[in-house]
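Inspection log for the structure reproduced underneath, given as structure tokens.
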Amino acid sequence: MSLTEKALWFYLLTNDRTTQCGIYDFSWRYATFETGISRSDIQTTIEKFQSDGKVAFNPKNNEIMIVNWLKYNSARSPKVAPVIDKELKEVKTLEFESEVIKKCEDLGYPIKTKLPDGNTLSIPYQYNSDTILQPSPSSEPSPTPSAAEKGASATTPLQELSEFYQKNFGLTNPTIEQDLEYSLDDFDGNVEIVEEAMKRAARDQKGFRYALGIMKKWLAKNIKTMEQVKAEDVQFENNQANKFGNNKPQKRAGIMPDWLKEQKEAQQSGQAVTAHSNRISADEAEKIRKRLEEKLK
């Protein structure tokens, strides 16, 4: 491998979105940012990895599969196999899911997920990273949109995010526009969740980079819908309540001497004790001092 290929290969194996099953959502933006490799070079290298049989990539779902991941990352442990079962429920590419199930069966890993009836062979998945899946042609001609419909669809999701950015953070530039585009891709075109991250940053009087950090944390937890965001918020609040609910500072009891309690009670009732030296003899003052010392001891 060249230096670029080695760097990207290490990144594909070690970034914080990797999973136990070897399939995960691939982010072009974070790969570019975290490796320092240009997007075109990353795309070219992934194409080479596909032709070498190292990875499989689905551009429609932005999912990548490390082909021999399970071979070198054992799932024989009864604690690891359930993790794979859970992760397979989140896999969007059915061919990848079938391939993982087949590999687990071949390697004797005790996962519970089974192949559907009639699907007992691994399915090759050789989409090129430039592949664009086209809808099947329709026999009926598409209706021409009216002027009102054209006006209603004039604003694209990216333009909507750009307008939201300008209202909350200021003027955009090509770099910001690219970040917005990548963020939209990361969340499968979900404008609402990208806007929510920007809302939280603006509400806390933070910049756009703070919003990018929020989105990065959501992606690391595979959170891609507002329902998942709300569930995460509820879980966080519950964790905070459990963490601090039983640790409120307690008043320290039993350490106040009786004489101090009596004095405080007298002060509170307006009967503060005052000592007048002209009414107490030297002997009496000495006796009081000794009694106080004894009580303190």
Filtered residues of the range 195-225 (kept if assigned to a helix (DSSP H, G or I) and either within 13 Å of the chain's Cα centre (by Cα) or not assigned by TED's automatic domain parsing to the domain that holds T172 (or both)): A197, A211, L212, G213, I214, M215, K216, K217, W218, L219, A220
Hey, among E87, E47, which residue is of a type outside the set (A, V, I, L, M, F, W, C), buried (at least 17 other Cβ atoms within 10 Å of the Cβ) and in contact (Cβ under 8 Å) with a residue 40 or more places away in the chain? E87
In the set Y30, Y109, the lone residue that is surrounded by 18 or more Cβ atoms within 10 Å (Cβ to Cβ), aromatic (F, W, Y) and under 27 Å from S183 (Cα atoms) is Y30
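The values are calculated or read from the model by the stated rules, or taken from the named source; none is laboratory data. Just so it is clear, the structure is predicted and the values come from calculations on it, not from any experiment. Glycine also receives a Cβ, built like all others from the backbone with ideal geometry; neighbour counts cover every protein chain displayed.
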